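Some notes on the structure that comes next.
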Amino acid sequence: MAEPILRLSGLTKHFGGFTAVKQIDLDIEEGEFFTIVGPSGSGKSTLVRMLAGLEEPSGGEILLRGERINETPANRRPTCMVFQSLALFPHRTVGQNIEFPLKMRGVARKARRARAMGLLRLLQLPESYYGKSVTQCSGGERQRIALARALAFDPEILFFDEPLSAIDYKLRKTLEKELKDIHKETGKTFMYITHSLEEAMVMSDRIGVMRDGKLVQIGTPEEIYTRPRDKFVSEFMGEVNLLKVKRNGAGLHCPSLDATFTGPASKGFDSGYLVIRPEYLRFLKPGESAENQVEGVLYNEYALGSRIQYQVRVGEQVFLVEKLREQRYHGRLDDRVTIGWEARDSMLAPE
Amino acid sequence: MSTLSEAVAETSVRPARRMPRRRLFSPGLLAALPVLALLAIGFLAPLIAVTAFSFAEPRSFTVFGAPTLENYRTIFSPANTVYLSFVWSLVFAALAVVLLALLCYPVAYGLAHIFGRWANLITLLLVFPLFISENIRLFGWVLFFIKNGVLDGTLKSLFGLELQSILFTPPVIVFGMVYVYLPFMLFPMVLGLSMVPREVVEAAGDLGASRLQTFREVELPLAMPGFIIGGLLTFVLAVGAVAESKVLGGQSVIVITHDIEIAFTYAQNWPLGAALSVLLTAVVGTLVLLVLRYLDLDRILGRR
């Protein structure tokens, strides 16, 4: 494989006695869309601020194409960041905002304008916006302006620090896809920070899950989704059913249900959680059977649009079952139901 | 039956009667009433009185005679040197504003971005002198600057330096203004600087702007409203200042406010003093209005 565009080795950041980022090792490939996901306080923002040059690392190295840039100030790094607040210049027009990095470099007015117009077109903003004040633009438009301004800089790597978090759901979904399209169009390396795994799944080539300053798992969205390394990652991936289990011979014993299940083959697993996604559970009709099955009461149902989610209570344990609308359960609430799943559809997560 | 119809008539009439009353006493107007009254009594009435007096017969004490332009004629007559007082006042005020801006910027920047939890203590220390009367503080400086005073005496005994006393010279007047009006420049500046979002400044650097470019392109224009307010405040105060030139400047220079005071007191020429006041108000008012035209007050008060 070619040399990574960005290599982090042992990257660490302390704030007083608090360690925000602990010993991060990571290679980012050229042209990749890499997303770091983590809950608030996991150190993801600190990490990206170090990469952009806004915080100085306490330890470790940042190598850009093999060259150490730890001490390089932000304005001398060939990278650019789209901030959470977008940080547009409120006293400037849309055009002036986009042209800012070019102006700083001394690019002539005419060339600047041509580039700004090109970027407006790329981001599907009307050219008439060139002279408009940024304070008069809508949330989605401001997102696009911030991205255009960053692209005008022509960075080697573009960082994004949760720029979509303040946008309403529907627009966010549109902008996520647009961002992925822009990534394809420009071929640049994107590094994106978010607390929403859903957002990460839509856009990324690879995802790094961060917790307490450490990268817990790195992988493709597929890998993270289907093979979460531990309980934290699996829960972060959305709603899952977690059963605390202990290995018992060939099976897995679940004390809360006092039942033994068969799980996926996994060496060295002793105790932890059996993870089953709600969509892998199914209702068993009389006469049907599955490798693992439990009996409970259908407590409630929630319509999620194209899918329906059911809450099934088995003793103290609550199971979530998710079905497409056309595969819905035909029956009443408070019915006694049997739900089941195959061993290969479940995952094991250590504590 | 009749009582019922009366009751119906009353209820049906009531809303129609209430509507205009409600508009007359809107809550906003009611809330503004005390301030409006205060402004009318304390601001508008004196202004009208002074303006009226400026058109009165020279050396008279009544405004109800035939209006005359005699006072203005006196001021503008070539034999009169009162224009020098105007010039001194404006020059002193302008110098004080420029010096204050240069002096306050680093402190304001520190208070807004660097000093952190120490900022409150420093603010308190800077406000503290305001609790002491301005005149007493200025007389303190007289003792500091006077011949054989603190400065002179120290220099003499330590270094054997014999300096001419700078007390009662124009530079000390400017010093006094800078000293007295420092908080009025500093705090609006702090406000202005803290209105600049940190991420916007970071973004400028991230987009390749040097420290100086960031200051010129982003920090300065965004903090400008605070700077302008501070500048206006100190300018207006300094133009109207009289104590600095009297106490620290001795009688070396007569500023316009001093002239006005003389006209109203020793000279017993109220109409002349009033005319000078009107002219000063006009000059300063014009300057302030010109500056305010370029200023969005809504933004300063946090409304966008």
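Taking 13 Å as the straight-line reach from the Cα of A:LYS22, the aspartates and glutamates in range (excluding those fewer than 8 positions away in the same chain) are A:GLU61, A:ASP212. In the complete set of protein chains, residue-level accessible area for B:ILE146 is approximately 60 Å², probe 1.4 angstrom. Backbone amide hydrogens, once placed in the peptide plane, bring A:GLU30 within less than 5 Å of A:ILE5, excluding anything fewer than 5 places away on its chain.
Hey, for a label at A:ASP154 modelled as a point 7 Å past Cα toward Cβ, could you say which residues of the stretch A:93-122 have their backbone N under 18 Å away? What the label zone holds, given the 18 Å backbone N cut-off, is A:98-122. Look at the stretch A:82-89: the mean tally of other chain Cβ atoms within 10 Å of its residues' Cβ atoms is 5.
Of B:VAL236, B:VAL142, B:VAL200, the residue with the greatest mean-square motion in the GNM of chain B, using alpha carbon springs below 10 Å, is B:VAL200. Using the structure shown, select from A:LYS13/A:LYS132; A:LYS44/A:LYS132; A:LYS13/A:LYS246; A:LYS231/A:LYS267 the pairs with a Cα to Cα distance greater than 29 angstrom. With Cα atoms farther than 29 Å apart: A:LYS13/A:LYS132; A:LYS44/A:LYS132; A:LYS13/A:LYS246. Between B:LEU36 and B:LEU295, the simple label model (points 7 Å from Cα in the Cβ direction) yields a spacing of 2.6 nm. Which of these, B:ALA101, B:ALA32, B:ALA238, has the largest mean-square fluctuation under a Gaussian network model of chain B (Cα springs below 10 Å)? For chain B, modelled as a Gaussian network with Cα springs under 10 Å, the answer is B:ALA32. Of A:VAL82, B:VAL50, the order by accessible heavy-atom surface (1.4 Å probe, DNA, RNA and ligands excluded), from most exposed downward, is B:VAL50, A:VAL82.
Derived scalar couplings between HN and Hα for the stretch B:139-153 equal 5, x, 5, 4, 5, 6, 8, 5, 4, 6, x, 4, 5, 4, x Hz in order, rounded to whole Hz, by the Karplus curve 6.51 cos²θ - 1.76 cosθ + 1.60 (θ = phi - 60°), x for Gly and Pro.
Taken residue by residue and averaged, Cβ atoms of other chains lying within 10 Å of the Cβ of A:149-160 number 1.
Simple point charges give the picture: +1 on the Cβ of Lys and Arg, -1 on the Cβ of Asp and Glu, and for the stretch B:81-300 a dipole about the Cα centre of about 260 debye.
Only Cα pairs within less than 10 Å get springs; with that Gaussian network setup on chain A, which residue of A:GLU199, A:GLU61, A:GLU279 has the largest fluctuation? Comparing A:GLU199, A:GLU61, A:GLU279 in the GNM, the peak value goes to A:GLU279. Computed over the protein assembly as shown, the per-residue total of -39500 (n - 2.57) for DSSP H runs of n ≥ 4 gives a 222 nm mean residue ellipticity of -14000 deg cm²/dmol, rounded to 500. Dividing the Cα radius of gyration of the protein assembly as shown by its Kirkwood radius returns 1.15 for Rg/Rh. In summary, the stretch B:81-300 shows an alpha-carbon radius of gyration equal to 1.19 times the 2.2 N^0.38 Å reference for compact globular proteins. Taking 0.36 nm per residue of sequence separation and removing the Cα-Cα distance, the A:ASP25/A:ALA114 pair yields an extension gain of 28.0 nm.
Each of A:TRP341, B:TRP88, B:TRP141, B:TRP118 has its accessible area taken with a 1.4 Å probe; listed largest first, they run B:TRP118, B:TRP88, B:TRP141, A:TRP341. Between the helical axis of A:139-152 and the longest alpha-carbon principal axis of chain A there is an angle of about 60 degrees. A full extension of the chain between B:ILE166 and B:ARG59 corresponds to an added length of 34.8 nm, given 0.36 nm per residue minus the alpha carbon distance. Taken over chain A, the alpha-carbon convex hull comes to 175 cubic angstrom per residue. Can you give me the relative contact order of the stretch B:81-300 as a percent, contacts being Cα pairs under 8 Å and 6 or more apart? Normalised by residue count, the contact order of the stretch B:81-300 is 30 percent.
Think of the stretch A:6-232 as having a plus end and a minus end, set by charges on the Cβ of Lys, Arg, Asp and Glu; of A:MET191, A:LEU120, A:TYR169, A:LEU120 sits farthest toward the positive end of this dipole.
For the pair the stretch A:297-324 and the stretch B:118-155, the centres of their Cα atoms are 76 angstrom apart. Helix A:169-186: angle to the longest alpha-carbon principal axis of chain A, degrees 0 to 90, nearest 10? With rounding to tens, the tilt is 60 degrees. Placing unit charges on the Cβ atoms of the charged side chains and taking the dipole of chain A about its Cα centre, the candidate lying farthest along the positive direction among A:VAL94, A:SER204, A:LEU274 is A:VAL94. Dividing the C-alpha radius of gyration of the stretch B:58-131 by 2.2 N^0.38 Å, with N its residue count, gives 2.02. Calculated from the alpha-carbon coordinates, the stretch A:1-65 shows an Rg and a Dmax of 11.9, 39 Å respectively. Looking at the stretch A:239-350, the DSSP beta bridges with both ends there are about 100 percent antiparallel. The 3J(HN,Hα) values that the Karplus relation (6.51, -1.76, 1.60; θ = phi - 60°) gives for the stretch A:91-97 are, in residue order, 8, 10, 7, 4, x, 5, 4 Hz. Gly and Pro appear as x. Here the simple spin-label model places points 7 Å from the Cα toward Cβ, and for A:GLU351 and B:ARG211 these points are separated by 5.1 nm. Rounded to the nearest 20, the Cβ-based charge dipole of the stretch B:94-206 about its Cα centre (Lys and Arg +1, Asp and Glu -1) stands at 300 debye. Taking the Cα centre of the protein assembly as shown as origin and assigning +1 to Lys and Arg Cβ atoms and -1 to Asp and Glu Cβ atoms, the resulting dipole is close to 1280 debye.
Here r is the Cβ-Cβ distance between A:THR226 and A:ALA343 and R0 is 22 Å; the resulting FRET efficiency, rounded to 0.05, is 0.95. Within the assembled protein chains, the solvent-accessible surface assigned to B:THR169 is about 40 Å², based on a 1.4 Å probe.
Any idea what angle helix B:82-109 forms with the longest principal axis of chain B, computed on alpha-carbon atoms, 0 to 90 degrees, nearest 10? Roughly 90 degrees, rounded to the nearest 10.
Short-range pairs are left out: with C-alpha atoms under 8 Å and at least six residues apart, the relative contact order of the stretch B:94-184 is 33 percent. Counting only lysines at least 8 places from B:LYS246 when in the same chain, those with an alpha carbon closer than 24 Å to its own are B:LYS147. When A:PHE319, B:PHE64, B:PHE43 are compared by accessible area at a 1.4 angstrom probe, the order from most to least is B:PHE64, B:PHE43, A:PHE319.
Principal semi-axes of the equivalent ellipsoid, √(5λ) from the alpha carbon gyration tensor of the stretch A:214-334, are 25, 20, 12 Å from largest down.
The values are calculated or read from the model by the stated rules, or taken from the named source; none is laboratory data. Computed from a predicted model, the values in this text were never measured in an experiment. Positions of Cβ are backbone-derived with ideal geometry, glycine not excepted, and every protein chain shown enters the neighbour counts. Heads up: the accessible areas ignore ligands, DNA and RNA and are worked out on the full protein's heavy atoms, side chains in. Shrake-Rupley method; radii C 1.70, N 1.55, O 1.52, S 1.80 Å.
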